[in-house]
Amino acid sequence: MKQTKVALITGITSQDGSYLADLLLKKGYKVIGTIRRSTSTVRPNIEHLKGKVILEAADLTDQESINQVIIKHQPDEVYNIAAQSVPADSWTHPFYTGEVTALGPVRVFEAVRHFCPKARIYQATSREILGGVKGIEHANESTPIFANNPYGIAKAYAHMMVSCYRQSYGMFVCGGILFNHESPRRSLHFVTRKISTGVACIKLGIKNPPINEIGEPLVDKNNKIHLGDLNATRDWGYAKEYVEAMWLMLQHPTPKDYIIGTNTSYSIKDACKAAFDHVGLNWEDHVISDSKLLRPTEITDMMGDYSLAKKELGWEPKTFMKELMGIMVDADLDLLKNQS
Ligand code: NAP
């Protein structure tokens, strides 16, 4: 009889996938993680996991590659974390976003249905499925889906498939409607990591900062970080805590969808202030809004009411925006200090 629980994480190189692997290893799971076929072998988020997890190549656009991993490892739990995860890129890549972020999860659900039907599945839904909802301050599980960008719409399709697979096939599938969550492992495509890396570059006087998503230096010659809409707001939590909620969902007797957030809202300006204050600098001297980085549509201001997760899973956030920005700035200072 199988003793050790087996977990499969698609997209183990991600921020969430790597923290989830840390958590599951600590809990004694055998962890299988999928990586994409790539000519690059640089995967900073999972360097520390070498030898501790089994890596398999699979792509969410390739049904056969997913089938093979499921057939081979017969996981007890499947965490579908992989996605084209960058909302800002979804306007330039609408077809690819649909293929990976909308249809990719269905490929995973189908592989489980056919080859390992007892496995429990976690699907990484996003608060972006509620992107255009107006007049609701605190989103909960009953807030209507109203996505307003290609990424959110792809996630909305996948999320509706979660309940479809529950109802149609009686499968154990949960959708985690996660609000933004950040950490030192966050990709540089996202604003909090751009801020923390920019702050570290400015503080350390880094001459050759990383480039941003439009191929320009993250920090310009005048020591300014270029960002999009500084008044846009987000509910930001700590990724390390959010992966615990994913695991808890799959331990609950009944499969359900849960909102995971901090029930707070801050603007990009607030996050800049927290990060620059952390190193004794004035954010207004170092941040500009660049029209080239504005999204064609913004999501509306909303906070994630996690009451149901607290009541049924015993989950609640512990780290909030200000402390989180401090953690990220410290980590980037540490990472970059040898390059100054
Ligand atoms: P992330 O760091 O951006 O990583 C995305 C992952 O997906 C990477 O491992 C990437 O592999 C993989 N991937 C991309 N395309 C793929 C494909 N075609 N086939 C297989 N793998 C592919 O993600 P994250 O921020 O940790 O987020 C994790 C999940 O939660 C994502 O589904 C995201 O959309 C969702 N989510 C995130 C947030 C948030 O605030 N972080 C909020 C709500 C929902 P490579 O390393 O090869 O690129």
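Every number in this text was worked out from the coordinates using simple rules, so none of it is lab data. Since this is a predicted model, take the numbers as computed values, not measurements. For neighbour counting, all protein chains shown are included, and Cβ atoms are generated from backbone atoms with ideal geometry for every residue, glycine included.
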Report task. Percent of Cα-Cα pairs per 10 Å bin, from 0 to the last occupied bin, for the range 249-301, please list those. Result -> 17, 30, 27, 16, 10, 0
Requested in this report: Give the angle, between 0 and 90 degrees and rounded to the nearest 10, that separates the Cα long axis of helix 63-73 from the longest principal axis of the Cα atoms of the chain.
Outcome: 70
Report summary line: To the nearest 0.05, the calculated FRET efficiency linking L294 and N208 through their beta-carbon distance, R0 being 25 Å, is 0.40
Query raised in the report: In a GNM of the chain with a 10 Å cut-off on Cα contacts, which of D285, D16, D277 has the highest mean-square fluctuation?
Result: D285
Query raised in the report: In debye to the nearest 20, how big a dipole does the range 144-231 give about its Cα centre with +1 on each Lys and Arg Cβ and -1 on each Asp and Glu Cβ?
Result: 260
Query raised in the report: Tell me, how many Å apart are the Cα centres for the range 270-340 and for the range 6-45?
Result: 24
Report summary line: Note to self, the chain gives a 222 nm [θ] from helices alone (DSSP H runs n ≥ 4, -39500 (n - 2.57) apiece, / all residues, nearest 500) of -11000 deg cm²/dmol
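For each pair in K5/K256; K50/K240; K30/K311; K134/K155; K72/K240, compute the distance between the two Cα atoms and list the pairs where it is over 24 Å. Show your work: numbers first, answer last.
Values: K5/K256 21 Å; K50/K240 19 Å; K30/K311 29 Å; K134/K155 19 Å; K72/K240 29 Å.
The answer is K30/K311; K72/K240.
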Query raised in the report: Out of residues 5 or more away from I35 or on other chains, whose amide H comes under 5 Å of its own, with H placed 1.01 Å from N in the peptide plane?
Result: E56, A57, A58
Query raised in the report: Quick one: Karplus J couplings for the range 75-92, per residue in order, coefficients 6.51, -1.76, 1.60, θ = phi - 60°, nearest Hz, x for Gly and Pro?
Result: x, 7, 9, 10, 10, 8, 9, 4, 5, 6, 9, 9, x, 4, 7, 6, 6, 7
Query raised in the report: Which whole-angstrom value gives the distance between the alpha carbon centres of the range 57-134 and the range 161-185?
Result: 10
Query raised in the report: When we measure straight from the Cα of K273, which lysines land under 16 angstrom away, once same-chain ones fewer than 8 places off are left out?
Result: K194, K203, K224, K322
Report summary line: Along the range 292-298, Karplus-curve 3J(HN,Hα) (6.51, -1.76, 1.60; θ = phi - 60°) to the nearest Hz, with x for Gly and Pro, reads 5, 9, 6, 6, x, 9, 9
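Could you compute the net charge surrounding I121? Neighbours are other residues with a C-beta less than 13 Å from the C-beta of I121; K and R count +1, D and E count -1. Kindly include the intermediate steps, with their values, before the conclusion.
Numbers: positive: R107, R113, K118, R120, R166, K256; negative: D76, E77, E110, D257.
Here the charged neighbours net out to +2.
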